[in-house]
Amino acid sequence: DTGVSQNPRHKITKRGQNVTFRCDPISEHNRLYWYRQTLGQGPEFLTYFQNEAQLEKSRLLSDRFSAERPKGSFSTLEIQRTEQGDSAMYLCASSLANFSGNTIYFGEGSWLTVV
Amino acid sequence: AQSVTQLGSHVSVSEGALVLLRCNYSSSVPPYLFWYVQYPNQGLQLLLKYTSAATLVKGINGFEAEFKKSETSFHLTKPSAHMRDAAEYFCAVSELGTASKLTFGTGTRLQVTL
């Protein structure tokens, strides 16, 4: 069990550029989540996948944001035409959802700074 | 809709003193409740969880929490604080049975002084 892995850990980009973050979940975990956390706030849910299917998206996820999980393994979160308000830490998490519950494990996060 | 409220954005205790971090929840269905800890520039680590079994839940690092339905509370405690406990603590709720996502509180920063 190597934990949830995210990269890059830090990204500085100019406003208007596109960025992509990658998340590798814990192996055999069928659910994968993306959250966003700004300074002084708790994480906010963005979206989640069960295997390769994207089952829920928050209204926070504007049309500039897109997430994929091809083949139900790793996931990518792309932000197009970045804005300064996108500066945040993007957290990926995974879980094995079954009848006994659903404990969610988080990665170290990817910091985005838009200048 | 479900939500959690963490009372006190900052809590300061002396090393060796009792730690009490407060969390109240709102949920239309029986909830799952969680406490996570976050150290600077790191992700979240699960401390403990309540999933409708025992109301007193023991977690890692000597922390425990008690689910009180009548008070809609899930406060986190530790009998004796250690310097390494200084971190941000988040309470979270998810719906029992679906557990599709977590809704977090705004967090409580714990400071431990000598």
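The values are calculated or read from the model by the stated rules, or taken from the named source; none is laboratory data. These numbers were taken from a predicted model, which means no experiment stands behind them. Quick reminder, even Gly has a Cβ in these numbers, built from the backbone with ideal geometry, and neighbours come from all protein chains shown.
Tell me whether the stretch A:78-87 contains one or more residues that are surrounded by 14 or more Cβ atoms within 10 Å (Cβ to Cβ), more than 13 Å from chain B (Cβ to nearest Cβ) and basic (Lys, Arg).
no
For the stretch B:19-41, which residues satisfy the criterion of being over 24 Å from A:Gly107 (Cα atoms) and among the aromatic types (Phe, Trp, Tyr)?
B:Tyr25
Looking only at the stretch B:82-102, which residues are surrounded by fewer than 22 Cβ atoms within 10 Å (Cβ to Cβ), in contact with a Leu (Cβ under 8 Å, 6 or more places away or on another chain) and under 18 Å from B:Tyr36 (Cβ atoms)?
B:Asp85, B:Ala86, B:Ala87, B:Glu88, B:Ser100
Looking only at the stretch B:7-62, which residues are free of Cβ contacts under 8 Å to residues at least 40 places away in the same chain and either of a type in the set (S, T, N, Q) or within 16 Å of B:Ser94 (Cα to Cα) (or both)?
Within the stretch B:7-62, B:Ser28, B:Asn41, B:Gln42, B:Gln45, B:Leu46, B:Leu48, B:Lys49, B:Tyr50, B:Ala53, B:Thr55, B:Asn61 qualify.
Of everything in the stretch A:26-40, what is at the interface with chain B (Cβ under 9 Å from one of its Cβ atoms) and at pLDDT below 90? Give them in sequence order.
From the stretch A:26-40, those at the interface with chain B (Cβ under 9 Å from one of its Cβ atoms) are A:31, A:33, A:35, A:37, A:40; that's our starting set.
Answer for the stretch A:26-40, where residues must be at the interface with chain B (Cβ under 9 Å from one of its Cβ atoms) and at pLDDT below 90: just A:Gly40.
Give the number of residues within the stretch B:44-60 that are surrounded by 13 or more Cβ atoms within 10 Å (Cβ to Cβ) and not β-branched (Val, Ile, Thr).
Pass one, the stretch B:44-60, residues surrounded by 13 or more Cβ atoms within 10 Å (Cβ to Cβ): B:44-52, B:57, B:59.
Filter once more, so that each one left must be not β-branched (Val, Ile, Thr): B:44-50, B:52, B:59.
Selection size over the stretch B:44-60: 9.
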